[in-house]
Amino acid sequence: MVRSQDTVASTGAERRSPDSRPIFVLDTELPLLPAGECAEWLLPIWQSAWQSSLPGLVLIHEKQHSRLVDHLQQRIASFSAIQLDPQQIDSLADVVRAALDGGATLIAGGIAASHQEWLAAMFVNLLPTSTLLQPDCGRGPILTVMRTTATETATAILEQLSATGQPLQIYTPAHS
């Protein structure tokens, strides 16, 4: 079961533990912020420890999925390359290949810009069994977006991740 202390109603000012997997749940039962605002809210939280954390995960209802993905893709594609250890770059390249082999779609970055620089990656079309959702997945600047059909779908995904023993940090947008 997902523990309630792992959930943070966030304004974006908070920073997370570098050991946790950041999960952004955009619930359709509340009015959703415009896609651009959602992107600007979650990106700084994800970036705060992206070099050493498990891939970030965004859970969003299918009705808002494409608009948010468009905004996130544009922003992530505009990021400068990130300095990483060459071994971490090799590990991330292996993770990207495994994710692609597992059916995920890479839509931004996910490649070495040099032997010490990496372009932040963004994936969509993940299956619940994706290597990107496993606790032994490489650590680094990878963001994944999964479409959900209902709050129950998001809850089931959170329960699945929690059952693996992964440290989760769950964020929901603060609504006024």
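I'd like the residue in region 12-42 that is of a type in the set (Ser, Thr, Tyr) and surrounded by 16 or more Cβ atoms within 10 Å (Cβ to Cβ) and, out of all such residues, is modelled with the lowest pLDDT.
Thr28
Report whether or not Ser91 is touching a Lys or Arg at 6+ places or on another chain (Cβ under 9 Å), modelled with pLDDT under 95 and hydroxyl-bearing (Ser, Thr, Tyr). In short, yes.
Surrounded by 14 or more Cβ atoms within 10 Å (Cβ to Cβ), at pLDDT 95 or above and not small (Gly, Ala, Ser): which single residue out of Ile45, Ile76 fits that description?
Result: Ile76 is the single residue among Ile45, Ile76 that is surrounded by 14 or more Cβ atoms within 10 Å (Cβ to Cβ), at pLDDT 95 or above and not small (Gly, Ala, Ser).
Screening Gln51 on (1) buried (at least 19 other Cβ atoms within 10 Å of the Cβ); (2) within 23 Å of Pro135 (Cα to Cα); (3) not hydrophobic (A, V, I, L, M, F, W, C) shows it passes everything except condition (1). If you go through region 104-151 one residue at a time, how many are of a type in the set (Gly, Ala, Ser), in contact with a Leu (Cβ under 8 Å, 6 or more places away or on another chain), within 19 Å of Ile60 (Cβ to Cβ) and at pLDDT below 95? So the answer is 0.
If you go through region 117-139 one residue at a time, do you hit one that is part of a helix (DSSP H, G or I), within 18 Å of Pro22 (Cβ to Cβ) and either of a type in the set (Phe, Trp, Tyr) or touching a residue at least 40 places away in the same chain (Cβ under 8 Å) (or both)?
Within region 117-139, the first condition is being part of a helix (DSSP H, G or I), and the residues that meet it are 131-133.
Add one more test, that the residue is within 18 Å of Pro22 (Cβ to Cβ), and what stays is 131-133.
Add one more test, that the residue is either of a type in the set (Phe, Trp, Tyr) or touching a residue at least 40 places away in the same chain (Cβ under 8 Å) (or both), and what stays is 132-133.
Looking for residues that are part of a helix (DSSP H, G or I), within 18 Å of Pro22 (Cβ to Cβ) and either of a type in the set (Phe, Trp, Tyr) or touching a residue at least 40 places away in the same chain (Cβ under 8 Å) (or both), one finds at least one in region 117-139, hence yes.
The values are calculated or read from the model by the stated rules, or taken from the named source; none is laboratory data. This one's a predicted model, so the numbers in the text were calculated from it and none came from an experiment. Here the Cβ is made from the backbone with ideal geometry for all residues, glycine too, and neighbour counts use every protein chain on show.
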